[in-house]
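**Student:** Could you have a look at this structure, given as structure tokens, before my questions?
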Amino acid sequence: MDTRHTTHRDPLFGALRAEVERLDTPRGVEKELLHAFARLHPPRRRWYHAPFARRWLLAGGMSGAAAALLVLAFGLRAPGANDDAPRTLATLDDDGPFIALDSAERIAAEPAPRLVAADVPRTSLAALGLPLTPENAGDSVRAEMLVAADGQPLALRVSAIQ
């Protein structure tokens, strides 16, 4: 719809249109105004606009600090504290410690315990932490047992695996 040739015009709009047509701004004024505005309000730089090397330095520093904290955390952890993995209670050397099968008071109260060598089925030692697989379930293990005078086993030491 062409509004230039209509008869229902507001006289104030006609005066405004005539005044705007008389204004003649010189060339380049808009460009200078945009430059002045950019100087007053510089654009904000985001973190991802940082130089490339600074980003890699920040990433390397953060990963190095995380690795150092992990090493420190695992180094200061007390051995055996809150371990969820099953712990091995039996040792496989000849000079290993005995595993108590009875109370320490009963072992200390025994006047003359005997040391007896025996072949023990591997399945009975699985509860003490000796590894058990279907392939070796029928095997026996050479063990030394500390036996009381009445024949009750007091302690056990795994001496050799056959």
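Rule-based calculations on the coordinates, nothing more; no lab input. These numbers were taken from a predicted model, which means no experiment stands behind them. Using ideal geometry, Cβ is built from the backbone for each residue, glycine included, and neighbour counts are taken over all protein chains shown.
**Student:** With a sphere of radius 10 Å drawn around the Cβ of LEU154, what net charge do the other residues whose Cβ falls strictly inside it have (Lys, Arg +1; Asp, Glu -1)?
**Tutor:** Value of the local net charge: 0.
**Student:** If packing is taken as the mean number of other Cβ atoms within 10 Å per residue, what is the order of 51-62, 117-128, 20-31, highest first?
**Tutor:** Top of the packing list down: 117-128, 51-62, 20-31.
**Student:** Taking 0.36 nm per residue of separation and subtracting the Cα-Cα distance, what length does fully extending ALA126 through GLN152 add? Don't jump to the answer; show the numbers that get you there.
**Tutor:** Values: separation 26, 0.36 × 26 = 9.36 nm, distance 2.00 nm.
Full extension from ALA126 to GLN152 adds 7.4 nm.
**Student:** Where does the charge balance sit around ASP139 when Lys and Arg score +1, Asp and Glu -1, over other residues with C-beta under 11 Å from its C-beta?
**Tutor:** My count for the surroundings of ASP139 gives 0.
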